[in-house]
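The next block holds one structure in the form of structure tokens; read it before the comments.
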Amino acid sequence: PTSQLTSKTVFEDVTTANAAMTGVYAKLRDTGLLTGNSTGLTCRLGLYTDELDYYKSNDPNYFYTNSLYSAEAGIQDLWNQSYNVIYAANAVVEGISASHSLAQKDRDRLRGEALFVRTLVHFYLLNLYGDIPYVTTTDYTYNSTIHKAPTPEIYGKIITDLEEATLVLPEKYSSPERVRPNRATAQALLARVYLYMGLWAEAANSASAVLNNPLYSWEPDLDKIFLKESTATIWQFKPDSDSGNTKEGNLFVFNSAPPPTVALTINLVNAFDPIDQRKTHWIRAITKGTTTWYHSFKYKRNAKAADSNEYSIVFRLAEQYLIRAEARALQGDLIGAKEDLNVIRHTAGLPNTTAVSAIEIREAIIKERRLEFFTEFGHRFFDLKRVGNLDSALSFSKPKWSDNDALWPIPAQELSANPNLNPQNTGY
């Protein structure tokens, strides 16, 4: 249509090229793995593990009952939406490469942003589905018959893309709101990737690069960590309107009982030490009669307001401290590991850790991660999985838990359309 631009034209002008990349972030915020509503990983992995209970009795939730099957609509939607975002990121990479008029600094920044998004989505898919295709082109004839790649190969591609992103992304943010990734955002994801791979020295070094960056400073006030101006935020999603706040707030916060959709499990609430200030500031109790329910209260607003003061935070400084703590412990730097761990504990009003050995320190860090990152993009599931504790932690609290539940099924529709995605994951 005459009112629209062709894809080639989009990437000849920095304004429309920026708009194309903004559209990719909107997809991430509103649909798929990272959305804060009930269809994103924050909710679905919270239900899948032991963070959230489900209260819509007239609407069965196969994530909550650990009853996933390959034709389940939620599995299909997450897969499709994820590869749709990857396609959009690849379109930006290809559009920039073909552009003749973009300034080099804009070309580098946009390429870095697109590569970062591509790796981020592939990283989550890999840890949910196991071996997956790593898609780097918009050529649908090629993509329609693409093969899965083994996990080590996928991690290699993720690291390659992230290393390039750290070279071309700018050091400073393009706006004060930290809604477009900068170099440190890519380094933060790289630190997480190295941690999951067991590359302790690389994980510690990447986390240190972020922690030593003067753009960031530790926020000791628990009530300010999830505000949009937090100095500990590395990257966040801007709401879809000037009066909007977070999708997480809309989902989790309720003012009357029983809960409309989800609430925190008693198992999680009871895991906090009585003096842990996170329980006081980040969890809210709602009572009706003799029954009390609890909801996540990291984000306080669940409706539009005169202005937006909460954005959905995807990466924040606390994770980098705990990544470095774990990596240091497993390299034998026990003093440094405890120093990093205690930064988190002191902010929560807790004393120094009593852990002594490397194994004890790691166990303390995994527990701390549970209490620090509840209802944030499925950290609980991924942490239990990578340290081999999924079955022991969840088999008691989740009656239908199976040792096959470490991976989700590849959607049946995708296997039918492209047999190269076989074999299906075990148990499905």
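Could you say which residue among 362, 386 is touching a residue at least 40 places away in the same chain (Cβ under 8 Å) and at negative phi?
386
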*How many of the residues making up region 204-253 are open to solvent by 50 Å² or more (accessible area, probe 1.4 Å), at pLDDT below 95 and more than 21 Å from residue 377 (Cβ to Cβ)?*
1
*Quick one: which strands (runs of 3 or more DSSP E) sit completely within region 281-336 and have at least 1 residues that are more than 25 Å from residue 30 (Cα to Cα)?*
283-288, 291-296
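For region 346-383, enumerate the residues that are among the β-branched types (Val, Ile, Thr) and within 16 Å of residue 336 (Cβ to Cβ). Break it down into steps so the answer makes sense when it comes.
Just the residues of region 346-383 that are among the β-branched types (Val, Ile, Thr), to begin with: 347, 353-354, 356, 359, 361, 365-366, 375.
The answer is 353, 356, 361, 365.
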_Among the numbered criteria (1) closer than 27 Å to residue 199 by Cβ; (2) in contact with a helix residue (DSSP H, G or I) (Cβ under 7 Å, 6 or more places away or on another chain); (3) among the acidic types (Asp, Glu), which one does residue 414 miss?_
(1)
*Have a look at 142, 69, 134 and point out the one that is open to solvent by 10 Å² or more (accessible area, probe 1.4 Å), over 17 Å from the mean Cα position of the chain (by Cα), closer than 30 Å to residue 388 by Cβ and without any contact (Cβ under 8 Å) to a residue 60 or more places away in the chain.*
134
*Would you say residue 353 is hydroxyl-bearing (Ser, Thr, Tyr), farther than 22 Å from residue 313 by Cα and buried (at least 17 other Cβ atoms within 10 Å of the Cβ)?*
yes
*Could you list, in sequence order, the residues of region 211-243 that are among the aliphatic types (A, V, I, L, M) and under 23 Å from residue 375 (Cβ atoms)?*
222, 225, 227, 232, 234
_I'd like the full set of residues that are hydroxyl-bearing (Ser, Thr, Tyr), more than 15 Å from residue 84 (Cβ to Cβ) and outside any loop (DSSP other than H, G, I, E, B), limited to region 6-46._
7, 9, 15, 16, 22, 42
*Exactly one condition in (1) at pLDDT below 95; (2) open to solvent by 20 Å² or more (accessible area, probe 1.4 Å) is not met by residue 99; state its number.*
(2)
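Keeping to region 54-108, report how many residues are in a helix (DSSP H, G or I) and of a type in the set (Asp, Glu).
Result for region 54-108: 4.
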*Out of curiosity, is residue 335 open to solvent by less than 60 Å² (accessible area, probe 1.4 Å) and at pLDDT 95 or above?*
no
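The values are calculated or read from the model by the stated rules, or taken from the named source; none is laboratory data. Every value quoted in this text rests on a predicted model; they were computed, and no experiment measured them. For neighbour counting, all protein chains shown are included, and Cβ atoms are generated from backbone atoms with ideal geometry for every residue, glycine included. Please note that ligands, DNA and RNA were not included when accessible areas were found on the heavy atoms of the full protein model with its side chains. Shrake-Rupley method; radii C 1.70, N 1.55, O 1.52, S 1.80 Å.
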